[in-house]
Amino acid sequence: MAAEKGAEQKALEEKHDVLKSTQTVIHEALEKLGYPEEVYELLKEPMRMLTVKIPVRMDDGTTKIFTGYRAQHNDAVGPTKGGIRFHPNVTENEVKALSIWMTLKCGIVNLPYGGGKGGIICDPREMSFRELEALSRGYVRAISQIVGPTKDIPAPDVFTNSQIMAWMMDEYSRIDEFNSPGFITGKPLVLGGSHGRESATAKGVTICIHEAAKRKGINLKGARVVVQGFGNAGSFLSKFMHDEGAKVIGISDAYGALYDPDGLDIDYLLDRRDSFGTVTKLFDNTITNKELLELDCDILVPAAIENQITEENAHNIRAQIVVEAANGPTTLEATRILTERGILLVPDVLASSGGVTVSYFEWVQNNQGYYWSEEEIDEKLEKVLVHSFENVYNTAQTRRVDMRLAAYMVGVRKAAEASRFRGWI
Ligand SMILES: NC(=O)C1=CN([C@@H]2O[C@H](COP(=O)(O)OP(=O)(O)OC[C@H]3O[C@@H](n4cnc5c(N)ncnc54)[C@H](O)[C@@H]3O)[C@@H](O)[C@H]2O)C=CC1
Ligand SMILES: O=C(O)CCC(=O)C(=O)O
């Protein structure tokens, strides 16, 4: 059964290889911007990719060897930056693509960083607290030579959180023999975390929803919203939408989805979800993630994993706006279908860039040793995201391209220019 599932997963990954599709759009974006082929040759893969083996003594006395990755896409602009994912389906190509997307995000919101990303093949839902701490510390020891506050700054992603960031920061500080809060972002407040980082990705998505709704003439009060994923991004987003008077009619996690045409009780669900964003196991009357995505709604927000909207279901999507909180939830073919159908698709590299933006604020605060209030963070984030949305939207309009290609065109330029000024290409 496990072997069968593995084969099915592998076939899906090959069919929807996120690295290949990213490369296709990067190539198109660079061509449209008039860059020569060698710029593509430089940017089509990470400059550095480290694969590590992490031995962990498990609670049953055995030793398990985990595989982890850290990809650094391009550091011409500045240190690389991006989250660390703990998930059983992590692959090398996925981590590479995720690092490229980080370069694009940092370019779109104009941060002094290039893109990086990490991942470990594991299922933290099946591990004890002690095993998770050992894995987190082991990963930092394994990658310590290539990361650091001025080299590559990690952060949370799927199934990692502020506790894991705290262990990683502590391990790095021991290696560095110095307290190094600027080594990682998404930390608890007491360890130099920033106000607003936990909800930053969802806040950024909310700002994009506002901007997209304005362009589509949708009133958010009473608008029907469907959110796939109820973790960091999805749960905060559901709360923000609910508090603004929208009706969140569907949410999901890895095990299923909940649907109520009159609107779900988001506060109750937030109260009952576990630390991995699981809540549907508590209910009998669930629907599938596939059914959730095809619900009749105004705004659909995929906030879980890759390749959820494909050529197989893109024709059945009934939202007017799709805002990608997740990285890579829509394939290229599906992007084409949705765009042709007049659905406004706000791509991941723009919509989910609120997280890294506030991570940057966290790093700046760590470097200066002076901390801002939540209001100051919110105000700065709003300014950055509204401007970035306008920039991408206007590029799409004036260059007559879809929002994804427009976002790539805006996002790739900074890394390309910095590489050129450095004399690399
Ligand atoms: N946390 C952050 O700051 C950022 C997260 N993102 C992206 O947002 C997405 C969600 O990340 P987080 O909320 O941080 O993760 P999380 O670990 O807090 O939550 C993940 C959610 O996705 C669900 N999920 C996992 N596998 C699934 C599957 N096969 N089908 C349906 N649902 C599934 C989980 O049950 C959980 O509800 C990811 O694509 C991540 O890369 C993007 C930018 C920043
Ligand atoms: O906060 C960060 O530095 C990175 C967040 C991230 O991994 C992402 O945007 O995908």
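Less than 5 angstrom separates the built amide H of residue 155 from those of 82, 83, 84, 185, all sequence-distant by 5 or more or on a different chain. Taking the number of Cβ atoms within 10 Å of each Cβ as an exposure proxy, the fewest-first ranking of 305, 175, 299, 108 is 175, 305, 299, 108. Put simply, when 245-258, 176-189 are sorted by average Cβ atoms within 10 angstrom per residue, most first, you get 245-258, 176-189. In the chain, helical runs assigned H by DSSP with n ≥ 4 each contribute -39500 (n - 2.57); averaged across all residues and rounded to the nearest 500, the mean residue ellipticity at 222 nm is -15000 deg cm²/dmol. In terms of the mean number of neighbouring beta-carbon atoms within 10 Å, the peptides 62-73, 412-423 order highest first as 62-73, 412-423. For residue 346, the residues 5 or more places off, or on other chains, whose built amide H falls under 5 Å of its own are 322, 323, 324. Packing order of peptides 133-145, 76-88, 212-224, 392-404, highest average first: 76-88, 133-145, 392-404, 212-224 (average count of other Cβ atoms within 10 Å over each peptide's residues).
Pairs of Lys residues in region 45-178 that lie 8 or more places apart, or on two chains, and have C-alpha atoms under 12 angstrom apart add up to 5. Scattering from the C-alpha atoms of the chain alone, worked out with Debye: what is log10 I(q)/I(0) at q = 0.14 1/Å? Debye curve over Cα of the chain, log10 I(q)/I(0) at q = 0.14 Å⁻¹: -1.35.
Using equal-weight Cα scatterers in the Debye expression, the normalised intensity of region 200-351 in log10 at q = 0.12, 0.13, 0.21 Å⁻¹ is -0.41, -0.49, -1.39.
Across region 45-178 the C-alpha pair distances fall into 5 Å bins from zero in the proportions 2, 11, 22, 24, 20, 13, 6, 2, 1, 0 percent. Through the Karplus equation 6.51 cos²θ - 1.76 cosθ + 1.60, θ set to phi - 60°, convert the phi angles of region 54-60 into ³J(HN,Hα) values in whole Hz; use x for Gly and Pro. Calculated HN-Hα couplings, in order: 10, x, 10, 6, 7, 4, 7 Hz. For residue 330, the amide hydrogen comes within under 5 Å of the amide hydrogens of 307, 308, 309, counting only partners 5 or more places away or on other chains and with H modelled in the peptide plane.
Our coupling estimate for region 77-89, obtained by passing each phi through the Karplus curve with A = 6.51, B = -1.76, C = 1.60 and θ = phi - 60°, is 6, x, x, 7, 8, x, x, 10, 10, 10, 7, x, 9 Hz, Gly and Pro reported as x. Evaluate the Debye formula for region 81-130 with equal point scatterers sitting on the alpha carbons, no solvent, and hand back log10 of I(q)/I(0) at q = 0.18, 0.24, 0.25 Å⁻¹, in q order, two decimals. Scattering profile of region 81-130, log10 relative to I(0): -0.59, -0.80, -0.84.
Taking θ as phi - 60° and the Karplus parameters 6.51, -1.76 and 1.60, the scalar couplings of region 284-295 work out to 8, 8, 9, 10, 8, 4, 5, 5, 4, 5, 9, 5 Hz in sequence order, x denoting glycine and proline. Mean sequence separation of contacting Cα pairs (under 8 Å, at least six apart), scaled by the length of the chain, corresponds to a relative contact order of 17 percent.
Values in this text are rule-based calculations from the coordinates and carry no lab data. Quick caveat, the model's predicted, so the values are computed rather than measured. A quick note on method: Cβ atoms are made from the backbone with ideal geometry, for glycine too, and the neighbour counts reach across all protein chains shown.
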